1. Could you please find all residues in segment B:20-57 being in contact (Cβ under 8 Å) with a residue 60 or more places away in the chain, within 22 Å of A:Leu159 (Cβ to Cβ) and of a type in the set (A, V, I, L, M, F, W, C)?
2. When you look at A:Ala48, is it more than 18 Å from B:Thr54 (Cα to Cα), more than 9 Å from every other protein chain (Cβ to nearest Cβ) and touching a residue at least 24 places away in the same chain (Cβ under 8 Å), yes or no?
3. With respect to A:Ser87, determine if the residue is assigned to a helix (DSSP H, G or I) and more than 21 Å from the chain's Cα centre (by Cα).
4. Which numbered condition trips up B:Gly119, out of (1) within 21 Å of the chain's Cα centre (by Cα); (2) more than 20 Å from B:Val39 (Cβ to Cβ)?
5. Which one of these does B:Trp44 not meet: (1) open to solvent by 10 Å² or more (accessible area, probe 1.4 Å); (2) assigned to a helix (DSSP H, G or I)?
6. Residue under question is B:Leu99, and the condition is that it be closer than 11 Å to A:Ile170 by Cα and either under 26 Å from the mean Cα position of the chain (by Cα) or more than 7 Å from chain A (Cβ to nearest Cβ) (or both); does it hold?
7. Can you tell me which of (1) more than 8 Å from every other protein chain (Cβ to nearest Cβ); (2) within 30 Å of B:Arg5 (Cβ to Cβ); (3) of a type outside the set (D, E, K, R); (4) open to solvent by 60 Å² or more (accessible area, probe 1.4 Å) is the one B:Trp74 doesn't meet?
8. Could you tell me which residue of segment B:154-166 is most open to solvent (accessible area, probe 1.4 Å), considering only residues that are in contact with a helix residue (DSSP H, G or I) (Cβ under 8 Å, 6 or more places away or on another chain) and in a helix (DSSP H, G or I)?
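The values are calculated or read from the model by the stated rules, or taken from the named source; none is laboratory data. Every value quoted in this text rests on a predicted model; they were computed, and no experiment measured them. Every residue, glycine among them, receives a Cβ derived from its backbone with ideal geometry; neighbour counts consider all protein chains shown. Heavy atoms of the whole protein, side chains included, go into the accessibility calculation; ligands, DNA and RNA do not. Shrake-Rupley method; radii C 1.70, N 1.55, O 1.52, S 1.80 Å.
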Amino acid sequence: MTLLELFLSFLQIGLFSIGGGYAAIPLIQSQAVEIHGWLTAEQFLDLATIAEMTPGPIGINAATFVGMRVAGLAGAASATLGFVLPSLIIVSLLSWVYLRFRQLPMLQSVLASLRPAVVALIGAAGLRMFLQVGFGGQLDIARADWAAIALFAAALFGLRKYKMSPILTIALCGAGGLILGLLGIIQ
Amino acid sequence: MERSRGKRLVTLFFSMLYISAFTFGGGFVIVTLMKRRFVDELHWLDEQEMLDMTAIAQSSPGAIAVNAAVLVGWKVGGFAGMVTAVLGTVLPPVAILSLISLFYAMFAENRIVALVLRGMQSGVAAVIVDVALGLGAKVLKNRKWVHNAILAAAFAATFFFKVNVVWIILCAALVGVILALAERKGGMAK
């Protein structure tokens, strides 16, 4: 019954984490560490680190990691399916409402007001990431990591001026990090 | 007709697979990459739709990336499109995490891996800032003071006051409702 338990736990995590990855972390902690004891507190920290370092949503990373440790591939599949299912159902309903009713003046007006808010959220997320990468989280010249800031500036220049593809830009920055590291410029 | 539909689904699947495999960091990263791919390159969605879908994805439960994939999938290819887009989004992290959970200790201590990841973080931050600058310039160009005020207030609320994103979206939606009601009333008065 471990598979069912995994499925139901991650179903709850998927259903109640609203507002992106960081909202899911406390829910995962409570289900995987406190309620079921699938991970120790230390393994949970490892999981958070891995989730940060690898692509993909933290909920899916956590579901796969926990499922894999508890019950192998079948566990990873049940936990991941549980996490994704609430999204599939709820967002499909919202998608239907959106595609069908977006011509209504009321919904038009709501969406027109939402757009600048979303732009602001994206901008703030970008700025927060820049501060994290370039200054370790807070604007303090003493903590500036000039190599990371230079990579950021070069990437932004390439994107703005030459419309470089984002994935190529990110890959080039990865190569840049490796070269700067091997030269001893970043630690 | 059938063939072009199949082709579209294949493109959708590999686009999501590719984007998902390179999405380090939060949901906004994947949304900005999706915007570049589906709006700027493939022209399957317009910019407004992408922003609407971002708002819906952000305020629904679950991972933003999966939610955005559901929305884009339905729009591009109906039910089959939704399933295709979600599979493309989910497969890379599932495959990568399955491998990593087996080799975690080796991975965490590898210096080369750490350096590449650090460099990539700078690139990811630049991509998000680039997309935000492009979209922000368009909001300002419309010269609607209410929208400029929403932009500024939402930015301050999230960046300086760390207000929960769900509240910010609900408040912006409420402003839209009030504007629509005010316009309707104004229209009836004439």
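1. B:Ala21, B:Phe24, B:Phe28, B:Val29, B:Leu33, B:Leu51
2. Here the answer is no, as A:Ala48 does not meet what is asked.
3. When the stated conditions are applied, A:Ser87 does not pass them.
4. (1)
5. Every condition holds for B:Trp44 apart from (2).
6. Answer is no for this residue.
7. Looking at each condition in turn, B:Trp74 falls short on (1).
8. Applying the filter and picking the extreme gives B:Phe155.
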